[in-house]
Amino acid sequence: MTSTLTILEPYPGVYAYYDGRVAGVRLHSEAPNWLDDGAYELGVASYAIVDGHEALVYDTHISLDHARAIRTHLEGLGVTAIGVVLSHWHKDHVAGNAVFADCEIIALKLTAERLEENREKIEAASPPIQPLVMPNRVFEATLALTVGKRRVELHHFAIHSADGNVIWLPEEKVLLAGDTLEDTVTYISEADQTATHIAELKRLRQWPVERILPSHGDRDRIAAGGYGPELIDANRRYIERLTHAIATGAPIDTLKEFAADEIASGAILYFAPYEAVHQSNVERVHSALSAR
């Protein structure tokens, strides 16, 4: 299950556990499933922040095997105290929770609620996440932590999902973005909330972010330190452009053409499997606007 997993260190003591974007490889099944046809195809990373014998894991990856690989790596570094933070409730971010069941698992209160509401579906999914291990510490909006001597902050941003939770490293000015930011484009999972997503992206852009590490992005760019703050602009402009085009009945090109300016600038990189995400976004936003 972890034969294509790679461990990157974009910053000292910040590790990315990256898997996917490997052509022709499927990990779970030839039949359609959330792991192969979503997270793995698009590329997915969980992260760990390490200082001394302490570590904070950001999302528990797409399988128990991936989670075990993370824990084994951290213990090999001499880590004896592990905490976990969940970026949001979606399956590809919580699938390995059971491996960290003996640890503190921190999440937004809203994330815990969404997990509970969807527990049966998550545990019966393909592949199943069973048992779904729930967070054991929740917070409302912001939470300050320390990992060894490193300052870490958790902040709620309702982008992609209403329960988006980012990690901010204020001293390094590095943002661990979860699914609030994505390359090539954001997956619009809550199409009736695009106005909120746009407003929240504008709020995030006001932060002094220098580098961004997303959950779904290019392996080499993550390894080299991540993305610049222009990724925030690219994700926002995509949602703005898409909602305007659908509202006005304007033609919508392929993703490669629709996001051509941002691709040309280098803010994002074109990855062909995101054409399916783009088409899904078009259908979801069209349905949401039609329902108003």
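The values are calculated or read from the model by the stated rules, or taken from the named source; none is laboratory data. Just so you know, these numbers come straight off a predicted model, no measurement behind them. Positions of Cβ are generated from backbone atoms using ideal geometry, with glycine treated the same way; all protein chains shown enter the neighbour counts. For the accessible areas, the whole protein counts, side chains as well, though only heavy atoms, and no ligand, DNA or RNA atoms are used. Shrake-Rupley method; radii C 1.70, N 1.55, O 1.52, S 1.80 Å.
Brief remarks on what is shown
- Some residue of the stretch 185-198 being under 26 Å from Y15 (Cα atoms), touching a strand residue (DSSP E or B) at 6+ places or on another chain (Cβ under 7 Å) and buried (at least 23 other Cβ atoms within 10 Å of the Cβ): no
- The numbered conditions (1) open to solvent by 20 Å² or more (accessible area, probe 1.4 Å); (2) modelled with pLDDT of 95 or more; (3) out of contact with any Lys or Arg (no Cβ under 8 Å at 6 or more places or on another chain); (4) not hydroxyl-bearing (S, T, Y) are all true for R292 except (2).
- Taking the stretch 1-47 as the range and being farther than 16 Å from A95 by Cα and not in a loop (DSSP other than H, G, I, E, B) as the test, the residues that pass are T6, I7, L8, E9, P10, Y11, V14, Y15, A16, E41, L42.
- Residue that is nearest to the chain's Cα centre (by Cα), among those in the stretch 39-55 that are over 18 Å from T180 (Cα atoms) and open to solvent by 10 Å² or more (accessible area, probe 1.4 Å): E41
- Top-ranked residue in the stretch 104-135 [being over 14 Å from L154 (Cβ atoms), in contact (Cβ under 8 Å) with a residue 40 or more places away in the chain and not in a helix (DSSP H, G or I); ranked as most open to solvent (accessible area, probe 1.4 Å)]: S126
- Matching residues in the stretch 228-263 - criterion: being aliphatic (A, V, I, L, M) and over 24 Å from the mean Cα position of the chain (by Cα): A245, I246, A247, A250, I252
- Residues that are on the phi > 0 side of the Ramachandran plot, of a type in the set (G, A, S) and either at pLDDT 95 or above or out of contact with any helix residue (DSSP H, G or I) (no Cβ under 6 Å at 6 or more places or on another chain) (or both) are absent from the stretch 121-143 altogether.
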